[in-house]
């Protein structure tokens, strides 16, 4: 998408977690993201998360529960492989476990860890949502990995996460603060009067002598007050983004924290960091920079809530 196309298209009225957090991290990165500038080759950690999600959704399908274990596993891995093969995947030496072989090994251990049956039943995988935010002209959107029913407790979403790190108490503590999870709970409440919460289904790609240590689950809930505050703050950020169409500044605020640009412990470098070293504003690069050497262009407008599944990073 050209700069003038983004401008003339007007400010969005629908926001998801990716759009909100990308802007808060760096408005300039949000600008390039909204224009559709993407990876030339997809980093393996993006594809891994999507492929693992497809594998787990297939494994937990109710119609597959009574099939022999090896048949279920084969069907699940076939679904995961379909997702993996959609991308031209780039494997990094620094991430040796982010491979298809690493995923199949992890899935084998997952089946051993949790067995053939669960206390809950998957109702529907890959659920996109887009709901109006009351008293505004805005919408909050996203996509749940799946939602499940756990009798007698009720309905909850299952959120699959994978990490290249060890699963520690400190790592698991983050979910109590993650806005993405709060947004999912808000979305569930638009469908179910009293949802049970979000089941965090976390897996570590890093091999361990004790394979059970590679997995952890916990239930996340939010109080009424926290959900109300989340939506109030979402509207604040969304309106700040919309004002960019009045000012057209998109400042490089990520450079105030260089880890945002070049990466750091547990952080990947910004895809657009080379563009920020150019001594001209983004819209001045239009005819002077060969984007196709480094990037590809997303063919469709960002709207994962309109598709089955979630294209956000799952790590």
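The values are calculated or read from the model by the stated rules, or taken from the named source; none is laboratory data. Note that this is a predicted model, so its numbers are computed, not measured. All Cβ positions, glycine included, derive from the backbone under ideal geometry; neighbour counts span all protein chains shown.
Examine the stretch 50-60 for a residue that is loosely packed, with under 14 Cβ neighbours inside 10 Å and touching a residue at least 12 places away in the same chain (Cβ under 8 Å), and state whether such a residue exists. Scanning the stretch 50-60, I find no residue that is loosely packed, with under 14 Cβ neighbours inside 10 Å and touching a residue at least 12 places away in the same chain (Cβ under 8 Å), so the answer is no. When the stretch 280-304 is limited to residues that are within 21 Å of the chain's Cα centre (by Cα) and more than 23 Å from residue 245 (Cα to Cα), the one that is surrounded by the fewest Cβ atoms within 10 Å (Cβ to Cβ) turns out to be 296. Within the stretch 1-27, being more than 17 Å from the chain's Cα centre (by Cα) and under 17 Å from residue 267 (Cβ atoms) holds for one residue alone: 26.
Here the stretch 230-270 is the region considered, the condition is being touching a helix residue (DSSP H, G or I) at 6+ places or on another chain (Cβ under 9 Å), free of Cβ contacts under 8 Å to residues at least 60 places away in the same chain and surrounded by fewer than 14 Cβ atoms within 10 Å (Cβ to Cβ), and the residue that is nearest to residue 38 (Cα to Cα) is 269.
When 182, 163 are checked against the criterion of being modelled with pLDDT of 95 or more and crowded, with 18+ Cβ neighbours inside 10 Å, a single residue qualifies: 182.
Considering (1) over 27 Å from residue 127 (Cβ atoms); (2) surrounded by 18 or more Cβ atoms within 10 Å (Cβ to Cβ), the lone condition that residue 205 does not fulfil carries the number (1). Residue 31 fulfils the conditions (1) part of a helix (DSSP H, G or I); (2) touching a helix residue (DSSP H, G or I) at 6+ places or on another chain (Cβ under 9 Å); (3) at pLDDT below 95 except for a single criterion, (3). The single condition from (1) more than 20 Å from the chain's Cα centre (by Cα); (2) surrounded by fewer than 16 Cβ atoms within 10 Å (Cβ to Cβ); (3) farther than 18 Å from residue 199 by Cβ that residue 82 fails is (1). Restricting to the stretch 97-132, give me the number of residues that are over 27 Å from residue 153 (Cα atoms) and surrounded by 14 or more Cβ atoms within 10 Å (Cβ to Cβ). Within the stretch 97-132, residues that are over 27 Å from residue 153 (Cα atoms) and surrounded by 14 or more Cβ atoms within 10 Å (Cβ to Cβ) number 11. Residues that are farther than 15 Å from residue 303 by Cα and in contact with a helix residue (DSSP H, G or I) (Cβ under 8 Å, 6 or more places away or on another chain) within the stretch 135-160 comprise 136, 145, 146, 147, 155, 156, 157, 159, 160, listed in sequence order.
For residue 81, are the conditions met, namely being within 20 Å of residue 294 (Cα to Cα) and out of contact with any helix residue (DSSP H, G or I) (no Cβ under 6 Å at 6 or more places or on another chain)? So residue 81 fails the test. Taken as a whole, the structure places residue 108 among residues that are over 30 Å from residue 278 (Cβ atoms), part of a helix (DSSP H, G or I), out of contact with any helix residue (DSSP H, G or I) (no Cβ under 6 Å at 6 or more places or on another chain) and modelled with pLDDT of 95 or more. Candidates are the residues of the stretch 36-49 that are buried (at least 21 other Cβ atoms within 10 Å of the Cβ) and within 25 Å of residue 257 (Cβ to Cβ); the one that is modelled with the lowest pLDDT is 45. Of the residues making up the stretch 136-160, those that are in a loop (DSSP other than H, G, I, E, B) and at pLDDT below 95 are 151, 152, 153.
Under the condition of being assigned to a helix (DSSP H, G or I) and out of contact with any strand residue (DSSP E or B) (no Cβ under 9 Å at 6 or more places or on another chain), the residues counted in the stretch 208-226 number 5.
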